[in-house]
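First comes the structure, then the notes that go with it.
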Amino acid sequence: MPPAVDTESRLEKSLLGHVGRAIADFGLIAEGDRILVRVSGGKDSHTLLELLRILQRRSPVRFELLAVTLDQGHPGFPGQRLVDHFAQEGVPFRLLREDTYSIVLEKTPPGKTMCTVCSRLRRGILYNAAVELGCNKIALGHHRDDASETLLLNLFFAGTLRGMPPILRSDDGRNTVIRPLIYAPESEIAEYAAVKRFPIIPCDLCGTQEQLQRKHMKRLLDELERDIPHVRSSVLSAMGNVRPSHLVDRELFDFAALATPQEKKRDAA
């Protein structure tokens, strides 16, 4: 077997294992699902779609896939590349066009990250599109490293222990978001995307901002990984191994109930 084919086979097997485990652990896909796969044009979403297509062919569970890309009005956005690519691959595909680019530039103060406004606008458009296109689930390409970085971002900058859940129901109840790559390491995804030669489209907004807090978290994890090789896996494992009694959230654990009757009586006196 040629080395390139052997590498592709190895990566595909590993990534499918990660995706299969996530689907089984969290019930991400069910019979009859129609899934909108958000394809940004980056390595993660291309890989997600390819893996779901493979599972669709192999799985006894029947589900539909619809690849959707949002052209947000970035100057020179090469959406036609994706149109041509998915037509050649025989993948059901929709290219949506909404000018959020000008809104993001208008609403974001100089020096601040554009991701917050951009993602909020994009999320609203995709949620509405999923309903209009008859999709009951939206699949996003966030992976293990994204989840770890998000946890650290919220810990350091927002004062909350919150990450990226593998499955999430939208506030209005209309949409269910799934993240089948939640167990997959970014390094494997990047290598797989390179071997498959997906038509990668870089982001012209956040991709150009070098001082993003998320990039700081990525560099921090990279530095820790030199001494702790499995640090990213450990962070993700911690997200599924929570002990509320060993934290300080009174909404999650009734610390007051641990007081003995004698202590309660003494406090009352």
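What follows is calculated from the coordinates using simple rules that are stated; it is not laboratory data. Source: prediction; values computed, not measured. All Cβ positions, even for glycine, are placed from backbone atoms using ideal geometry, and neighbour counts span all protein chains on display.
Run the numbers on the range 122-243 and let me know its relative contact order in percent, using alpha-carbon pairs under 8 Å that are six or more apart. Computed value for the range 122-243: 28 percent relative contact order. A cut-off under 10 angstrom between Cβ atoms defines the neighbours of ALA67, and their net charge, with Lys, Arg +1 and Asp, Glu -1, is +2.
Only DSSP H runs of four or more residues enter the estimate; each adds -39500 (n - 2.57), and after division by the residues of the chain the mean residue ellipticity at 222 nm equals -15000 deg cm²/dmol. For VAL37, the residues 5 or more places off, or on other chains, whose built amide H falls under 5 Å of its own are LEU66, ALA67, VAL68, ALA139.
Of all alpha-carbon pairs in the chain, indicate the percentage at a distance above 35 angstrom.
Considering the chain, 23 percent of its Cα-Cα pairs are separated by more than 35 Å.
Per-residue Karplus couplings for the range 216-224, computed as 6.51 cos²θ - 1.76 cosθ + 1.60 with θ equal to phi - 60°, are listed in order as 5, 5, 5, 5, 4, 5, 4, 5, 5 Hz, Gly and Pro entered as x. Take 55-68, 24-37 and order them by the average number of nearby Cβ atoms within 10 Å per residue, most first; the result is 24-37, 55-68. Residues whose amide H lies under 5 Å from that of ASP71, counting only those 5 or more places away or on a different chain, are LEU96, ARG97, GLU98; hydrogens are built 1.01 Å from N in the peptide plane.
Cross-link partners for LYS215 among the aspartates and glutamates, with Cα-Cα distance under 12 Å and sequence neighbours closer than 8 places in the same chain left out: ASP145, ASP146, GLU149. According to a simple spin-label model (label point 7 Å from Cα along Cα-to-Cβ), what is the distance in nm between VAL5 and LEU224? Inter-label distance under the simple model: 4.2 nm. Between SER14 and SER237, the distance separating the two model label sites (each 7 Å from Cα on the Cα→Cβ line) works out to 1.8 nm.
Subtracting the Cα-Cα distance of ASP249 and ASP171 from their residue separation scaled by 0.36 nm leaves 25.8 nm.
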